[in-house]
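Down below is the structure, laid out as structure tokens.
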Amino acid sequence: MNTYTKPHSGAPRSRGKFSKFGSKKPAQRFTHGRKPFRGGGRGYKKDFIDERMFINKATTKVKDVYKAKHTFADFGLEPHLLKNIITKGYITPSPIQDQTIPLGLKGKDVIGIANTGTGKTAAFLLPLIQKILLNKKEKVLVLAPTRELAQQIDVEFRAFTTGMKLFSVACVGGAPIGKQIRELDLGVHVVIGTPGRVKDLITRGKIKPAIFGSVVLDEADRMLDMGFIDDIRTILAQMPKNRQSFFFSATFGTAIAKLCGEFLNEPITISVRTSDTAESVHQDVVRIGGDRAKKIEILHELLCRPECAKVLIFRETKRSVDELGHELNKRGFKAMALHGDMRNRERERAVKALATGSVQVVIATDVAARGIDIPDISHVINYDIPSTYDTYIHRIGRTGRGDRTGNALTFI
Ligand code: AMP
């Protein structure tokens, strides 16, 4: 039975005032929000998160305009690299780039504390590409928590090195190892991989840690969360002591500090993290109330809103992702799933479909959505409460990227 009209005509729809969320006065919202929130109630182990943490007005970008000390031309990069940066559409270095690139070019170790979407990828790639251009024997190893992020870094590397005859390979789990081995055998300048697969390739003798003069840990906190600490330690321990290292992390807890203490050499810390939550994201909650069956109806209504043009919905489990995907398809929404049981190619297809607007909605698990870089996601919807506040920050970091303001709604 489907009593819904097909919502995807493209014509703007106004459903009038939506009473379940977005109450005007913040003070009113907090009246019963004092109690810590243990989301879910389905047996997942979750942090206590005060629901007020899910509410925040996006600050206007004007307030925190950063005055870059450098232009890209000031860094003294090779002309070909500078040309590729400009072709990519970068005009002014972002704060993390402005501060990290000069240090990177001097060969310093850098700890970058940066929220998602701050431009950290170019902050480490540009000085490292320059290093390779000056010494073609230089090899760089980049470790990232997920295949998506690793592949995205690979795509960025290829864009910055167009026409330079520099080579990279993404060594990620879930993709055929044979192809990765063939590319490694052909010789590459940069290996970008997830810790598990990289360790596997080291064990097979296909990656030799001793030849890398530079290493990057991207989203180090996430890699630790995902249990990669032993793999990372094993890999770093086999690398040359005098290497250059860049560790990037959205948070800087004791585990990361310990790792930095052990493996970095007089690092300089650059922090561009200005607050706990992404400031460019307008965050609010959607109260479901006692009737859980209404949840899907509320989502349906939300998705009918014209401003909900490109929506990333998070769910806890692969199965629940699939279920919601089917349900939304049944209701006439263009929606695709994104989770770890899908093949790489299917996952890439889902990301591309959302990026190009051929679907309105992607429903994802946290691991699969890690590192997704789609510049204009209008809304992140936490259909299931995130298990930790850190996960929440990573989820909402998928919207409000670059110069845009985004929206995050958490169903509670
Ligand atoms: P990242 O934090 O590295 O994932 O970058 C977030 C997004 O910002 C990506 O789409 C980048 O291509 C883009 N970006 C990074 N640096 C700049 C810049 N200096 N100018 C314009 N866009 C940028």
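The values are calculated or read from the model by the stated rules, or taken from the named source; none is laboratory data. Predicted model, so just to flag it, every value in this text is computed and none were measured. Note that we place each Cβ from the backbone using ideal geometry, even for glycine, and neighbour counts take in every protein chain shown. Accessible surface is based on the protein model in full, side chains and every heavy atom, while ligands, DNA and RNA are left aside. Shrake-Rupley method; radii C 1.70, N 1.55, O 1.52, S 1.80 Å.
Residues 233, 343, sorted by accessible area with the largest first, give 343, 233 [1.4 Å probe; ligands and nucleic acids excluded]. From the Cα gyration tensor of the range 206-327, with a ≥ b ≥ c the square roots of its eigenvalues, which class applies: rounded if a/c is under 1.5, or else prolate if a/b is larger than b/c, or else oblate? It comes out prolate by the Cα gyration axes.
A straight Cα-to-Cα reach below 13 Å connects residue 108 with the aspartates and glutamates 266, residues fewer than 8 places away in its own chain not being considered. Separation of the alpha carbons by more than 27 angstrom is noted, of 179/310; 294/334; 88/199; 83/131; 139/199, for 179/310; 88/199. In summary, the convex hull built on the alpha carbon positions of the range 99-139 has an orientation-averaged projected area of 3.0 nm².
Computed over the range 72-271, the quotient of the alpha carbon radius of gyration and 2.2 N^0.38 Å is 0.94. In the context of the full set of protein chains, the range 72-271 has a per residue accessible area of 40 Å² (1.4 Å probe). The listed peptides 283-292, 302-311, ordered by packing as a protection proxy, come out as 302-311, 283-292 (highest mean of other Cβ atoms within 10 Å first). Per-residue packing, averaged as other Cβ atoms within 10 Å, sorts the ranges 155-162, 99-106 into the order 99-106, 155-162, beginning with the highest. Label separation (residue 330 vs residue 135): 6.1 nm, computed from points 7 Å beyond Cα along the C-beta direction. Here residue 323 and residue 68 are evaluated by their C-beta separation; at R0 = 56 Å the FRET efficiency comes out at 0.75.
Remark on the range 254-381: ratio of C-alpha radius of gyration to 2.2 N^0.38 Å is 1.29.
Distance between the 7 Å Cα→Cβ label points at residue 293 and residue 167: 6.1 nm.
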